[in-house]
Amino acid sequence: MITFPEFTPGHDWYTYVFKVTGFEGELISDEESREGTLEWVPYDEVLSKPTWEGDYEIFKWILEDRPFFSAKFVYDRNQNLVDKTVTFYDK
């Protein structure tokens, strides 16, 4: 689990990340997604996509095949990453 304390004023965000090795079907449309345009991205292109500073750390851990982890990312009101902690657990 990844936590983002006070990511929006008065609200902590909790997220779960999964590494997918295959898929079938179709992604939902832009109109159905509040996250923006969704796409399947080859592993070697993941770090070239625009995203939050902390997300790059998460993606690196996944691409490095690091063990299961929990993390906390703290952003200020200007969306700057100001603190992060991570714990990796044995496989």
Loop-resident trypsin sites (Lys or Arg not before Pro) in the range 1-63 with no more than 13 other Cβ atoms inside 10 Å, DSSP not H/G/I/E/B, are LYS19, ARG34
Most mobile of GLU64, GLU45, GLU35 in a GNM of the chain (Cα contacts under 10 Å): GLU35
Can you tell me which of GLU26, GLU39, GLU53 moves the most in a GNM of the chain? Springs connect C-alpha atoms under 10 Å apart. GLU26
In the chain, taking the dipole from +1 charges on Lys and Arg beta carbons and -1 charges on Asp and Glu beta carbons about the Cα centre, the listed residue (VAL74, LEU63, VAL41) farthest towards the positive end is VAL74
Show that you can apply the helix-only estimate: for the chain, add -39,500 (n - 2.57) for every DSSP H stretch of four or more residues, divide by all residues, and state [θ] at 222 nm to the nearest 500. -3500 deg cm²/dmol
For Kirkwood radius over Cα pairs in Å, the listed values are (i) 13.8; (ii) 14.9; (iii) 13.0; which was obtained by calculation from the structure presented? (ii)
How many angstrom lie between the C-alpha centres of the range 27-53 and the range 73-87? 21 Å
Total charge dipole magnitude, the chain, about the Cα centre, Cβ charges on Lys, Arg, Asp, Glu only, Debye to nearest 20: 440 debye
Scalar couplings 3J(HN,Hα) for the range 79-86 by Karplus 6.51 cos²θ - 1.76 cosθ + 1.60 (θ = phi - 60°), nearest whole Hz, x for Gly and Pro, are 6, 8, 6, 10, 6, 8, 9, 9
Furthest towards positive pole of dipole, THR15, TYR89, SER29, structure part the chain, Cβ charges: TYR89
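Rule-based calculations on the coordinates, nothing more; no lab input. Because the structure is a prediction, the values reported are computed rather than measured. Please note: Cβ atoms are built from the backbone with ideal geometry, for glycine as well, and neighbour counts cover all protein chains shown.
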